[in-house]
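Novice: Following this message is one structure expressed as structure tokens.
The values are calculated or read from the model by the stated rules, or taken from the named source; none is laboratory data. Because the structure is predicted, anything quoted here is derived from the model rather than measured. Here Cβ is always computed from backbone atoms with ideal geometry, including for glycine, and neighbour counts include all displayed protein chains.
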Amino acid sequence: MRHWLPASTLGNGITPATHFTGSALGGMVQRLGDAGFASGLLQELAPVLPAASWSVYRTGRHCQPTLFMSASHGIPDTTRDCWWAYLSGPYRSDRTWGESVAAAPSTRLCHLTASEVGGEHQARVYEAHGMAERVSIVEHENDGAVFAVNFYRHQHQRPFLDRQISDFETMAPVLLALARKHIALAQQLPAALQPTPALPHGLPQHLPALRERLLRAHAGLTERELDVCTRLLQGMTQEGIACDLGLSLPTVKTYRNRAFSRLGIHFRNELFALALGTQRSA
């Protein structure tokens, strides 16, 4: 795991890689504020840094974690499932960001492999979703929060090369500025990309509390049915649940259908209502 200052902050006159400043940069700028910005940036960046997915979020011990945008390129997009897996516990003990060494906001770069993350974070977020490596632009803010722009290599890809990471380093200020600008523009547009919505008010985010809510609704739910339903309540897709639990998609659907039958419901919104206590099970 490595943290370092981007080259442009060291006063050495390095400018973004020339092959990034032409049509690729123009394409990214044109998409600012547009719903296709996240997927478009990843495609434009691929010749320089061939990441299969990326995410932009803000997290920290004293702030509400917020996912602003995410996308994948060339693979099924499970970035939102990764986010919910991260919120299910790993974010509370995430030490991969390092510490800010300045009183004012500071920007650093971070490069790590999945094995360096370790523990539940590695298993639930990286291994479950096929991620092997991450390079990030990390902005430590005054309130202790971290604003992170992250690019991920997946297991089917070759490791990032030193040259690719060096080029990424020179791009960091531009990528950070683009992400910030897009978020500001998108939040002004009703139909534009917005941060991932929080769970309904009054619904806990963590698995044990969600399991307790469901058992109150029906004490006969099996362990696997609870596993599936709690993750549905966290906003995960059935594909994401299959990855997270190491099950096949048909098996997840079977557990979902059995649980819904026991609960006397047919749709996910009814599951939310049960967990919130606004609907009674059959």
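Novice: Across region 137-172, which residue is surrounded by the most Cβ atoms within 10 Å (Cβ to Cβ) among those that are outside any loop (DSSP other than H, G, I, E, B) and out of contact with any strand residue (DSSP E or B) (no Cβ under 8 Å at 6 or more places or on another chain)? Break it down stepwise before answering.
Specialist: Of region 137-172, the ones outside any loop (DSSP other than H, G, I, E, B) are 137-140, 146-154, 162-172.
In the following step, the residues that additionally are out of contact with any strand residue (DSSP E or B) (no Cβ under 8 Å at 6 or more places or on another chain) were identified as 162-164, 166-167, 170-171.
Numbers: D162: 8, R163: 10, Q164: 18, S166: 12, D167: 19, T170: 19, M171: 23.
Checking each candidate, the answer is M171.
Novice: A further question on this structure: Taking F37 as the residue in question, decide whether it is buried (at least 16 other Cβ atoms within 10 Å of the Cβ), in contact with a helix residue (DSSP H, G or I) (Cβ under 8 Å, 6 or more places away or on another chain) and modelled with pLDDT under 75. Can you show your working first?
Specialist: Numbers: buried (at least 16 other Cβ atoms within 10 Å of the Cβ): yes; in contact with a helix residue (DSSP H, G or I) (Cβ under 8 Å, 6 or more places away or on another chain): yes; modelled with pLDDT under 75: no.
Here the answer is no, as F37 does not meet what is asked.
Novice: Look at L67 and say whether it is buried (at least 18 other Cβ atoms within 10 Å of the Cβ), aliphatic (A, V, I, L, M), closer than 25 Å to S115 by Cα and touching a Pro at 6+ places or on another chain (Cβ under 7 Å).
Specialist: Details: buried (at least 18 other Cβ atoms within 10 Å of the Cβ): yes; aliphatic (A, V, I, L, M): yes; closer than 25 Å to S115 by Cα: yes; touching a Pro at 6+ places or on another chain (Cβ under 7 Å): yes.
Yes, satisfied.
Novice: For G144, indicate whether it is free of Cβ contacts under 8 Å to residues at least 24 places away in the same chain and in the same structural domain as A35 (by TED's automatic domain parsing).
Specialist: Here the answer is no, as G144 does not meet what is asked.
Novice: Of the residues that make up region 92-106, is at least one within 24 Å of G246 (Cα to Cα) and charged (D, E, K, R)?
Specialist: Of the residues in region 92-106, the ones within 24 Å of G246 (Cα to Cα) are 92-94.
Keeping just the survivors that are charged (D, E, K, R) gives 92, 94.
Yes, region 92-106 contains a residue that is within 24 Å of G246 (Cα to Cα) and charged (D, E, K, R).
Novice: So, one more: Pull up region 243-277, narrow it to residues that are part of a loop (DSSP other than H, G, I, E, B) and at pLDDT 85 or above, then point me to the one that is nearest to E223 (Cα to Cα).
Specialist: For region 243-277, the residue satisfying everything is L247.
Novice: Could you pull out the residue among L49, L25 that is surrounded by 15 or more Cβ atoms within 10 Å (Cβ to Cβ) and at pLDDT 90 or above? Show your work before the answer.
Specialist: Details: L25 fails: at pLDDT 90 or above.
From the options L49, L25, the qualifying one is L49.
Novice: Answer yes or no: is there a residue in region 179-191 that is modelled with pLDDT of 80 or more, under 19 Å from P90 (Cα atoms) and either charged (D, E, K, R) or in contact with a Gly (Cβ under 9 Å, 6 or more places away or on another chain) (or both). Steps first, please.
Specialist: First pass over region 179-191, keeping only residues modelled with pLDDT of 80 or more: 179-185.
Next cut, under 19 Å from P90 (Cα atoms) only: none.
Within region 179-191, none of the residues are modelled with pLDDT of 80 or more, under 19 Å from P90 (Cα atoms) and either charged (D, E, K, R) or in contact with a Gly (Cβ under 9 Å, 6 or more places away or on another chain) (or both).
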